[in-house]
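The values are calculated or read from the model by the stated rules, or taken from the named source; none is laboratory data. Since we're looking at a predicted model, the values are computed, not measured. Neighbour counts run over all protein chains shown; Cβ positions are idealised from the backbone, glycine included. When the accessible area is computed, the model is the full protein with side chains, heavy atoms only, and any ligands, DNA or RNA have been set aside. Shrake-Rupley method; radii C 1.70, N 1.55, O 1.52, S 1.80 Å.
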Amino acid sequence: EGIKVVVFCATEDNADVVFVSLKKARFQVVRHSSSDEGDQNWNDFLTNPFIQTIVCGPSAEEGINLQGGKKTLIHFDLPVQPNRIEQRIGRVDRYGAGDSVQSFVMVDKGSALQNSWFNLLDQGLGVFHQSISSLQYLVEAEMLVLQKELVHAGVEALDFLRDRLSGPTGLVASE
């Protein structure tokens, strides 16, 4: 049995565009939606060996279980709330149970903002490698500070926060 792919998008509109593009490229793909049809689609994804890909928007970040078997998670884009990324990963992977799930993130290499946000999530919070649910209060507090700092410092605010959070003496390790 091959690896199945779960593609998460930050908006339902982006998920629609990705779904249509994959369909046109002749992928065996289904689209999760919050309707009854969407429930059947994610069930088909889990049970039908010919359906290898499911495209999900924010409505799939809670309440569905895509766990089990070999899966890969693709983050087509990244929401601005780290806890939403935690929710995405939790739909596919229960840390420490079963096969680990690899996450891939699509980032525009030419975008300093996207790269800094990814580095903050990856290196600062470690969201792609471990659960951050125990860091909920730290994440909320630091995101409030970041909102204010972004206006004045831009991308440098993201890099500064990444450095404050990461490493053996960073806020994440201390927490």
Highest GNM mean-square fluctuation, the chain, Cα pairs closer than 10 Å: which of 12, 142, 61? 142
Work out how much length residue 21 to residue 156 would gain on full extension: take 0.36 nm times their residue separation and subtract the Cα-Cα distance, in nm to one decimal. 45.1 nm
Treating the beta-carbon of each Lys and Arg as +1 and of each Asp and Glu as -1, no other charges, what is the dipole magnitude of the chain about its Cα centre, to the nearest 20 debye? 500 debye
Dipole magnitude of segment 66-126 about its Cα centre (Cβ charges: Lys, Arg +1; Asp, Glu -1), debye to nearest 20: 180 debye
For segment 1-128, build the charge dipole from Cβ charges (+1 Lys, Arg; -1 Asp, Glu) around the Cα centre, then report which of 87, 46, 22 sits farthest towards its positive end. 22
Please name whichever of 2, 117, 78 sits farthest to the positive end of the charge dipole of the chain, dipole taken about the Cα centre and charges placed at Cβ: Lys and Arg +1, Asp and Glu -1. 2
Report, ordered by chain and residue number, the lysines lying within cross-link reach of residue 24, taken as a straight Cα distance under 27 Å and ignoring same-chain residues fewer than 8 apart. 4, 70, 71, 109
For the chain, set up a GNM with springs between Cα atoms under 10 Å and report which of 26, 162, 91 has the largest fluctuation. 26
Could you list which residues have their amide H under 5 Å from that of residue 167, counting only those 5 or more apart in sequence or on another chain, with H placed in the peptide plane? none
For residue 74, what residues show an amide H to amide H distance below 5 Å, using hydrogens built from the backbone and excluding near sequence neighbours? 6, 7, 8, 104
Over the chain, with a Gaussian network built from C-alpha contacts below 10 Å, which listed residue (112, 141, 60) shows the highest mean-square fluctuation? 141
For segment 19-73, dividing by residue count, accessible area per residue (probe 1.4 Å) in Å² works out to 56 Å²
